[in-house]
Amino acid sequence: MHRRLWAPILGLLLLLGGLWGMGSPSGSFRSLPDRVNQALFRWTGEETWLPQLRGLFQLAANVTRPQPHTADFAPVAHAGVNPFGINTFLEQEVEPWKRERTVQMIAQAGFHWIRQEFPWEDIEIHGKGDFEDRRHEPYRSAWEKYDQIVDLAERYGLEIIARLSNPPAWSRAQGDALGPYAPPDDIADYGDFVYAVVSRYRGRIRYYQLWNEPNIYPEWGNQPVDPVGYTRLLCEGYRRAKEADPQVVILSGALAPTAEMGAMNPWGGNNLNDLLFLEQMYRAGAGDCFDILAVNDYILWSGPTDHRMRPVVLNFSRPRYLREIMVRYGDAHKPIWISEMNSNALPPDHPAYPAYGRVTLEQQARYAPLAYQRIQEEWPWAGVVAFWFFKRPSDAERDQAWYYFRMVEPDFTPLPVYEAMRVYTTRPPLVYPGYHQEDHWAVTW
């Protein structure tokens, strides 16, 4: 925790002690003055008094623990970019007009980036070097849809972060026996695919992400995750991408926040703590194989202003621990980009388990701008933050909790968070404390 937090924490503890003496929890304490409530929310991310009080004491306990060294004043490349990104599923839209409407609404909301998957299985479909789509008649080039996506992004002034993942079944001798996301038997096949994509869009797409969430199930297949194996795949993709276009910028696969311990889990499971996974990646040589570290940072069971820091707790502050690992391995000059960020507006009467927490639509609309605001104010080493997600092509997944991360409905009806972000993105940009390059997006000359 920053040392400057200690004074307000001490003051709030004294204030709360006084309020406790003035009334019972069912009386005056439950009706905290708005300014006190706002201050408590600002540091704990909690909205009701009991979790706020607990959070405040946990914050005070943080002072006794070593805090992450994040090198906030180190020069960092690719951090001063426009931070407003959003995840899209354009490849799943059947009608071209829906792809265009999606891109149009994203641009109108003030976003600059789309994180869009270019699934290997949907491009090199039937075999190695085969880029024709023969799944339906008439046959056509598998590139056709993705060419249109790139055209649309350029037309509406958006930059693409192209996620290259999802291997085809032919890349594994056992097909999908280990699951559709299992890595290929020969990482050279993945490298060839990366080379093909980067070559085709040379000069049009600059940012590529190699894989997604390699530290959790099912993104490495039905098998234990493997930080060393993923590092080999990452390095192969990095090398081939740079061969195709030396100007491209490579993002690692986004690490998912988890406190689980992989094969050491007493209850089984294949998820591995993102901090341990990154540490093992560095030991395997991954530092030479990415330009940007990508992570996912969801707003789970507390708000985006939660400043508590514990490695076993999953809250919005977690990227600071990952940043510390980067600094320790000599990567203070590299940024973190957040590939997926949002809170889950699962309806209160929905039968699905709230695995991602649960907020109202109004809270979701309030939390998203606060998340961008905090990152810009406090994390000068962070770059793009990609909202998860714009829309799904249909409501077929409405029985699942993850469906309720959406910003607009499948019929393009916007939810409150859409307007909240549109208002926020159009505010004049500011430069906050930290080391910034002269080409920072908020600086005009």
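Above 36 angstrom, tally the Cα pairs of the chain and express them as a % of all pairs, no decimals. List each step's numbers first, then the result.
Values: 27398 of 98790 pairs.
I get 28 percent for the Cα pairs in the chain exceeding 36 Å.
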> Rg to Rh for the range 127-208: what is it, with Cα atoms only and Rh by Kirkwood?
Replying inline: 1.00
> For A177 and F412, what does the FRET efficiency come to when R0 = 56 Å and r is the distance between their Cβ atoms, rounded to the nearest 0.05?
Replying inline: 0.90
> Which whole-Hz couplings ³J(HN,Hα) result when phi for each residue of the range 348-365 is put into the Karplus expression 6.51 cos²θ - 1.76 cosθ + 1.60, θ = phi - 60°, listed in order with x for Gly and Pro?
Replying inline: x, 9, 6, x, 5, 5, x, 5, 10, x, 8, 10, 7, 4, 5, 5, 4, 5
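Nearest 5 percent is fine: what portion of the DSSP beta bridges confined to the chain is antiparallel?
So the antiparallel bridges amount to about 10 percent of the total.
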>> Under 10 Å, Cα contacts only: if you run a Gaussian network model on the chain, which one of Q209, Q38, Q116 comes out with the highest mean-square fluctuation?
In response: Q38
>> If the elastic network links every pair of Cα atoms under 10 Å, which of E409, E377, E95 fluctuates the most in the Gaussian network model of the chain?
In response: E95
> Under the Karplus relation 6.51 cos²θ - 1.76 cosθ + 1.60, θ = phi - 60°, what is the ordered set of whole-Hz ³J(HN,Hα) values for the range 306-321, x standing for Gly and Pro?
Replying inline: 6, 9, 5, 10, 8, x, 8, 10, 9, 9, 5, 7, 4, x, 5, 5
> For the chain, what does -39500 (n - 2.57) per DSSP helix run (n ≥ 4), summed and divided by total residues, give at 222 nm, in deg cm²/dmol to the nearest 500?
Replying inline: -10500 deg cm²/dmol
> Working out 0.36 nm times the residue gap between A61 and E91, then minus their Cα-Cα distance, what length gain in nm do you get to one decimal?
Replying inline: 6.1 nm
>> Sequence gap at least 6, Cα distance under 8 Å: using those rules, report the relative contact order of the chain to the nearest whole percent.
In response: 19 percent
> Mind checking which of M326, M261, M309 has the largest fluctuation in a GNM of the chain, springs on alpha carbons under 10 Å?
Replying inline: M261
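Every number here is computed from the coordinates shown, using simple stated rules; none is lab data. Remember, predicted model here, so these are calculated numbers, not experimental data. Every residue, glycine among them, receives a Cβ derived from its backbone with ideal geometry; neighbour counts consider all protein chains shown.
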